[in-house]
1. Rounded to the nearest 500, what is the 222 nm mean residue ellipticity of the chain from helices alone, with -39500 (n - 2.57) per DSSP H run of 4+ residues and division by all residues?
2. According to a simple spin-label model (label point 7 Å from Cα along Cα-to-Cβ), what is the distance in nm between F36 and L201?
3. Project the alpha carbons of the stretch 114-206 onto their principal axes and report the range along each, largest first, in whole Å.
4. Sum up the charges of everything whose Cβ sits under 9 Å from the Cβ of F142, counting Lys and Arg as +1 and Asp and Glu as -1, but leave F142 out.
5. Over all distinct alpha-carbon pairs, what is the Kirkwood Rh of the stretch 9-94 in angstrom?
6. Starting with the fewest neighbours, write out C200, C99, C106 ranked by other beta-carbon atoms found within 10 Å of each beta-carbon.
7. Note down the magnitude of the dipole of the chain about its Cα centre, charges +1 on Lys and Arg C-beta and -1 on Asp and Glu C-beta and zero elsewhere, to the nearest 20 debye.
8. Once you have a ≥ b ≥ c as the square roots of the Cα gyration tensor eigenvalues for the stretch 17-166, tell me rounded if a/c is under 1.5, and otherwise prolate or oblate according to whether a/b is larger than b/c.
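What follows is calculated from the coordinates using simple rules that are stated; it is not laboratory data. Note that the coordinates shown come from a computational prediction; the quantities given were computed from them, not determined experimentally. Neighbour counts are summed over all protein chains in view; Cβ atoms, including those assigned to glycine, are modelled from backbone coordinates with ideal geometry.
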Amino acid sequence: MINSFNLDPESLDWEKVNGMMPVIVQNYITGKVLMFAYMTKEALNKTIELGKATFYSRTKQRLWTKGEESEHYLFVKSITTDCDRDTLLLMADPVGPTCHNGTESCFDDQPELPFAFLACLEDLVESRKQSSPEESYTAKLFKNGVPRIAKKVGEEAVETALAAVTDDDREFIGEVADLLFHTTVLLSAKNKKFVEVIRCLQERHSDFSNYKIQHAIKKSKTC
């Protein structure tokens, strides 16, 4: 059974794990570990069919789709196996908290990855769309519209460039932070996300890498 996740359930070592495949779930944007659970072959097939993480509950002795009661689903982005094919890694887009205690992760004390803060900032900025402009600077920016936000990004870009040529590293880092913040607001105002920018960078990197390879081949043929 080949599917959109490019995983054949029959190729996994179900015998080694006695039919209970350990599963690690991570947030596909932040990399944060969300939970650990088990899947039977039936649960894995159900996950592939629904696109929502479905596990086997050893307590309830049945399949359960995460969020079937709370609607806090885990929309699966990818499924991969380890080198021994006896453990799965799910990258997922969570809706609401993952843990039954109401926290983002069942491993709530894990250290925050530095780059993951951008995702948190993005969520915070998005939430400010519902705030009062009198109480929130970000909400005021949204109220003023895209042209004003874009102008502010331009101002911050100039201030960042000017700070870069000084010897004040603290000022420079502060201006970069301001630029990133206002860029985040502009992305949100345009209903875009950082992940789209990252994909663009990845595509450009891939295109550039392919160009370098082709250029090297062409050069070797002329030598």
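1. Only helices count here, giving -14500 deg cm²/dmol.
2. Label at L201, label at F36, 3.2 nm between them.
3. 39, 34, 26
4. +4
5. 12.8 Å
6. C200, C99, C106
7. The calculation lands at about 920 debye.
8. prolate
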